[in-house]
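The values are calculated or read from the model by the stated rules, or taken from the named source; none is laboratory data. Because the structure is a prediction, the values reported are computed rather than measured. As a convention, Cβ positions derive from the backbone with ideal geometry for all residues, glycine included, and neighbour counts pool all protein chains shown.
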């Protein structure tokens, strides 16, 4: 009997229910603290009437976009709900629960994203207003960071509460039901990441190319028709998209840990992955309230200090929890491959403690490493800034080289963490559980990570509102410039940490994928060793290698589609902004008002139209490989996607972050300052980097997890249709349909050109 089958019979006793109940209460405490922080942020002043008018325009645009996006994604949610119900399950209750909690996961992801957008569009004017006051630097920093703290509290609160409820209701079946929960969170996050990323970078690139390069006006000059859309994009992309992304990282890592924990420890393995994130709630509260810059201290240093303190606190409490809750020995463990039984002599408390610490240390190392490659005070960004003296080509080349180099070091660090966790036990099941626990350890800091991420777009928007309104002068301008630069670095750091969680979760889901195959074979009464080559996935097998190549190529295709979508949408924005400058000459002398709403409409229309193709690729590519080639090539597919995805995501994120901050360096007066040739060169670099760091790069994180979860969900069906005596026609037909959907979507995307390209003057209407 497999570990998965044994897990089905687990039942929660009174003590176990108490633990789950305490975890649920801790989750509710996180939501309550988030509510208090929300009230605190909204209690601050909203600034001048001009600031409030600009803020309302951004609020309306962001809300309108997300409302339309959710209506579009609702169609996908209904289709997936039905498909999940059709997939194999142990019983009807598990089938219903998996589909329902798919909607719950998607709903929670939407709530987190919408909340992040809603509050950020109200906090930005408060940060701008605070910069005008005495001691404005500390006050503005606190407002921006605690805005992120609200989103962080809701992220950990909803994620933990959802998982606790599933465990309480479904007990041993909880891991399978949670597959639906994690899939819903990941799928919606991916769509929000892609759609929001296309919106924000289309507006940003269009605004920069016409406003800063062609017209020579500042980035957030109100004469640029794309400025409102640019500020809207920061919120629907960086706030809503990233908040949903980090929530799904939280949910998916929990799913993997619960599945593997149940296989490794039984009931205690099911509950311990809930205890560690509950500790993370406490550390998140601590980190948010500890963030306070000392006199004359850079805001980034204060934020990093609170992160380190919360990480140390999380590590200590997690070790205590492991030694209090987990047993002192494993006893006998069943090998899921051949059914052999072996006695494990290692201490599970020590394994769990070290695994969690590995995850926490990984978060700290990623923070330092990413900060080094994207921070304005360190050599890489300063070298990119110096390269601007010789033109835009050298700026782009230096940024690309930084991205490549940083990707190698970051990937090695993440790989070392995965391998270190894997070596903690001689059992494959326990080793994979250790990897999953490393992921939960990293996510004990997720509340602070979300706060760091939201800090970036809030600060960016605050600076934009200040410039557009003209109501912030002197020290206030310097304060907002500093916060914006710090925000660029914190956004880059959180992207690095997000991809680290993606790799840990995906590696752990490998174990879940293996478990799903074993469970399906066990249900069919077939041992893996007797099932034949159709179920082998040795790395030296040619069919597995084919899967590796396909998985790697899908990451490239996904990235290309996302960047190309930004290119088309940005082209439409460029034409529209040019048209307005031409048709309304009074814009430049401020006697005519730009039509901001037309650019917002273009970005909304194009981003919602473009997000479908990358999403369909992510869902149907593993279906095509799995049903067409088998579970072995699908395992290779996942390996190729993870390996290529981690390198690609880090390369794109860090190149873009370095270009962005190199531009900030020049704008601060280095290498000729604003208006110089060097400034124009860094603007081009930043424009190239925009879709790198804010569209394609971050979207790879949920992409990897969506593909892993799709594979875990479809594995039993592939097994059933691949057993000897089964009809191969159905399996091949499913694969062919999946391939046709992918090909059709890609062809349509390649042929699609924005209507603005053919008719610049007319296409922007409506």
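With the structure loaded, tell me whether residue 560 is closer than 27 Å to residue 641 by Cβ, under 32 Å from the mean Cα position of the chain (by Cα) and modelled with pLDDT of 85 or more or whether it fails that test. Before the answer, list the steps.
Values: closer than 27 Å to residue 641 by Cβ: yes; under 32 Å from the mean Cα position of the chain (by Cα): yes; modelled with pLDDT of 85 or more: yes.
Yes, satisfied.
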Discussion item. I'd like to know if the range 569-591 contains one or more residues that are closer than 23 Å to residue 506 by Cβ and at pLDDT below 90.
Written reply: no
Worksheet entry | Residue check, residue 716 at pLDDT below 90, closer than 25 Å to residue 185 by Cα and either in contact with a strand residue (DSSP E or B) (Cβ under 9 Å, 6 or more places away or on another chain) or surrounded by fewer than 23 Cβ atoms within 10 Å (Cβ to Cβ) (or both) | yes
Practice prompt. Would you check if there is a residue in the range 511-525 being more than 30 Å from residue 367 (Cα to Cα), at pLDDT below 75 and not in a helix (DSSP H, G or I)?
Written response: yes
Response to the item:
residue 478: passes all of (1) in contact with a helix residue (DSSP H, G or I) (Cβ under 8 Å, 6 or more places away or on another chain); (2) without any contact (Cβ under 8 Å) to a residue 60 or more places away in the chain but (1)
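Per-residue answers, yes or no, for (1) touching a helix residue (DSSP H, G or I) at 6+ places or on another chain (Cβ under 8 Å); (2) assigned to a helix (DSSP H, G or I); (3) within 30 Å of residue 471 (Cβ to Cβ):
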site: 26; (1), (2), (3): yes, yes, no
site: 39; (1), (2), (3): no, yes, yes
site: 47; (1), (2), (3): yes, no, yes
site: 56; (1), (2), (3): no, yes, yes
site: 62; (1), (2), (3): yes, yes, yes
site: 71; (1), (2), (3): no, yes, no
Worksheet item: Given the residues 616, 611, which is the only one that is touching a helix residue (DSSP H, G or I) at 6+ places or on another chain (Cβ under 6 Å), within 23 Å of residue 709 (Cβ to Cβ) and modelled with pLDDT under 85?
Response: 611
Response to the item:
Of the residues in the range 581-605, those that are within 36 Å of the chain's Cα centre (by Cα) and part of a helix (DSSP H, G or I) number 10
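Scan the range 125-133 and tell me whether some residue there is touching a helix residue (DSSP H, G or I) at 6+ places or on another chain (Cβ under 9 Å) and surrounded by fewer than 22 Cβ atoms within 10 Å (Cβ to Cβ). Talk me through it step by step, then tell me what you get.
Quick first cut of the range 125-133, residues touching a helix residue (DSSP H, G or I) at 6+ places or on another chain (Cβ under 9 Å) only: 125-133.
Filter once more, so that each one left must be surrounded by fewer than 22 Cβ atoms within 10 Å (Cβ to Cβ): 133.
Yes, the range 125-133 contains at least one residue that is touching a helix residue (DSSP H, G or I) at 6+ places or on another chain (Cβ under 9 Å) and surrounded by fewer than 22 Cβ atoms within 10 Å (Cβ to Cβ).
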Fill in: the range 76-98 residues that are without any contact (Cβ under 8 Å) to a residue 60 or more places away in the chain, paired with ones that are surrounded by fewer than 17 Cβ atoms within 10 Å (Cβ to Cβ) and part of a helix (DSSP H, G or I) (beta carbon under 7 Å, 6 or more apart)
95/85
